[in-house]
1. How crowded by other chains is A:121-133, given as the mean number of beta carbons from other chains within 10 Å of each beta carbon?
2. When the Karplus curve 6.51 cos²θ - 1.76 cosθ + 1.60 is applied with θ = phi - 60°, which whole-Hz ³J(HN,Hα) does each residue of segment A:147-156 get, with x for Gly and Pro?
3. How many Cβ atoms of partner chains, on average, are near each residue of B:103-115 if near means within 10 Å of its Cβ?
4. Straight-line reach only, C-alpha to C-alpha below 30 angstrom: list the lysines that B:LYS9 could link to, leaving out same-chain residues fewer than 8 apart.
5. Where does helix B:151-175 land angle-wise versus the long Cα axis of chain B, in degrees 0 to 90, nearest 10?
6. Work out from phi, with θ = phi - 60° and the Karplus expression 6.51 cos²θ - 1.76 cosθ + 1.60, the ³J(HN,Hα) of each residue of segment A:208-213, listed in order in whole Hz, and give x for Gly and Pro.
7. Could you run the Karplus curve 6.51 cos²θ - 1.76 cosθ + 1.60 with θ = phi - 60° over segment A:95-104 and give me ³J(HN,Hα) per residue in whole Hz, x for Gly and Pro?
8. Pairing the Cα long axis of helix B:72-99 with the longest principal axis of chain B, what angle in degrees results, from 0 to 90 and rounded to the nearest 10?
Amino acid sequence: MSIAIQLENVTKRYRTGRSRTIVDLVASSVADMRGQTTEVHSATRGKIDATIHALRDVSFEVKEGAGLGIIGRNGAGKTTLLKMISRVTWPTSGTVRVAGHVVSLIELGAGFHPELTGRENVYLGAGLFGLTRKEIDRQFDAIVSFADVERLIDTPMKRYSSGLYARLGFSVAIHSNPDIVLVDEVLSVGDASFRRRAMEALRSLIASGKTVLFISHDMWNVRRLCSDILWMDNGSVRAYGEAGAIAETYMNEVNLQAMQNQATSLQSHRGGTGEVRFEHVDLYTANGAPSARFAQNDTLVIRGSYVASKAVESPVFQVAIVDIDTGVVVTTASTAGRNTATTVQGPGEIEIRFTHLPLRPRQYVLRLSITDAFQLASYDVVTAGPRFAVTGQGAGVDSLADEQDGLVTLPFEVTHRPQIRHATDSTQIRHRLGTD
Amino acid sequence: MSSKQLSDKPERISIGAYFELFMNLTRREVKGRYSQSLFGAGWAIAQPLATMAVFTLVFARLGKIPSGGAPYPLFAYAALVPWFFFSNSVMSGTMSLVTYRNIVTKTYFPREIVPLAQVGSRLVDITAASGLYVLLMLYYQLAVTPWAALIPLFLLLLLLFTVGVTLATSAINVFYRDVNPVVQIGLQLWLYLTPVAYPLSAVPDRYRPFFLLNPLTGVVEGLRAVLVFGREPEWGVVAISAGLIVTIFIGALILFKSTDKYFADVI
């Protein structure tokens, strides 16, 4: 297997601060001559020079045909890596070697001009990726149909939604004969069906021997697509190797942080009149341990503490479990008619317990609300509450990979009778499967 | 298609793709400028025409500047057309890389295509303005002599100089943003320091060396000589200009290609 990408002791330093002017140049030259540091303060404009290390002595190799997931916190250097591989920027020291045609999708629709139509932008974008007009002509229909923009292809792109923008950008890139594809979180925009097609396209690229580098915070997608993972931390390589073990460690660390963030997640997306308000909502397993991960058929305990600022009669608490990917509400649980009717004032606690959660391995978010007894007026609406993930049967991170569709696992039985012929029965309407 | 060799240099883009990218950006510039206006490329003619009218009033009527025997409007217009090609190219070219920052920071392509596209879009303008020049020549019943065969030479010098200056200013402007206002002001003044509204012969001898240092002097005087006066250009002046232009062009090219790696970091 030949090497597609090779980084050797790559370091990248950036100068931050606002754009320099010639006055700054003079000021820093004077400072240099005096032997002072490069941090120059301008009396009127404040600090103008500071150095940040985006990458520190990074070395690794990627083989041809590999699917590499690149993970890490924001600011860890992932995007800088991709920019180096796509030759947008160059290392301060060290060497970046690349074999083949690189196509990168760093942020949406590179080069698309809002005043031009989709058609014109396809030619512009594909041209930026190195295709000639003839080559684009040949691929044009495929590009447009993959992105599903036939209707709007001759409309200026300023009228496109951001999802459409991303789809067209992705489609142009995929069809540009890449040997190496760099994808940077582009798949977080666009509806679920497009995301699935995009993942499929990337998967078939890998299958046909192309190299794909995939930055994502979504471990599910990374695990599905990538055989290896590169974990960047603060500009250095923290781990590089087979996806399984690295993803597991990463997930555990992220899980801890996710639980710490539960308290803050209630702050956003609040509605309602406020007579009764949730203070904290936490998730627990059956034995009372706080968690953001649950196995299939586990027990999910949702415990919320609330405060009623005045006496309220029989509030109804409701929680909805929503699938993050599709936005589908899997189920709602409401305290209406559950004998918790009482007048509340001041602080209190409500617990809703799901035993034997039939949810499939996916990511979910809770929507919470407190309404009056008739569910007409809302006291509190939390549209994006605590998140949790359901893990599957496999060991470690293989439990995160879920090849099957569907949000819940329902019990079912199978009866199979091979080689039975059906007698024609004219009194029954039969659904016939076939080519009529 | 691609060589698939591990290399630390950017991927070579085919001449065809390079040219098409250039045409794409140029087309986009031209469209952007003229698509929503009433007169379209007519504005390319209005600029030298209007300036010529004002110059005729101010320099010829009020200032009584000699024009060497040719009708003054023609004299001025013939120099204004190449001037505006140069001046407009540099004016929009200087900011062009910053304007196109979204593609510079996200995808690799030969960066010089961006300022070159600015120059390319002005070729449309100069073609339109030259069309009017032909009409003016007919109006003034000016004969064309065999010296007109030298026109391509001067146009080439004009192009080289324009490209050179644009590459240089666009590159420096990426790193030092106050280049742009300096260029804007400088161009306004430069017009008057070039023998456009007046002939070089009207310049007193003690100032002449400074005027010769202006590479556009040779271009403008040469073009006027072969086109308006139908006579041999002053080869000494042309040679000085040509030497300066070639040097500046090569210098600008080196400057641009040695700094374009860092554009995306700073822009």
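Every number in this text was worked out from the coordinates using simple rules, so none of it is lab data. Owing to the predicted nature of the structure, the values given are computational and were not obtained by experimental measurement. All Cβ positions, glycine included, derive from the backbone under ideal geometry; neighbour counts span all protein chains shown.
1. Taking all residues of A:121-133 together, the mean is 6.
2. So the Karplus estimates, Gly and Pro as x, are 7, 6, 10, 3, 4, 9, 5, 9, 9, x Hz.
3. 5
4. Once the sequence-local lysines are set aside, what remains near B:LYS9 is A:LYS12, A:LYS63, A:LYS78, A:LYS83, A:LYS134, A:LYS210, B:LYS106, B:LYS257, B:LYS261.
5. Tilt of helix B:151-175: around 50 degrees.
6. 8, x, 8, 9, 10, 10
7. 10, 10, 10, 9, 10, x, 8, 9, 10, 10
8. So the helix axis and the longest Cα principal axis differ by about 20 degrees.
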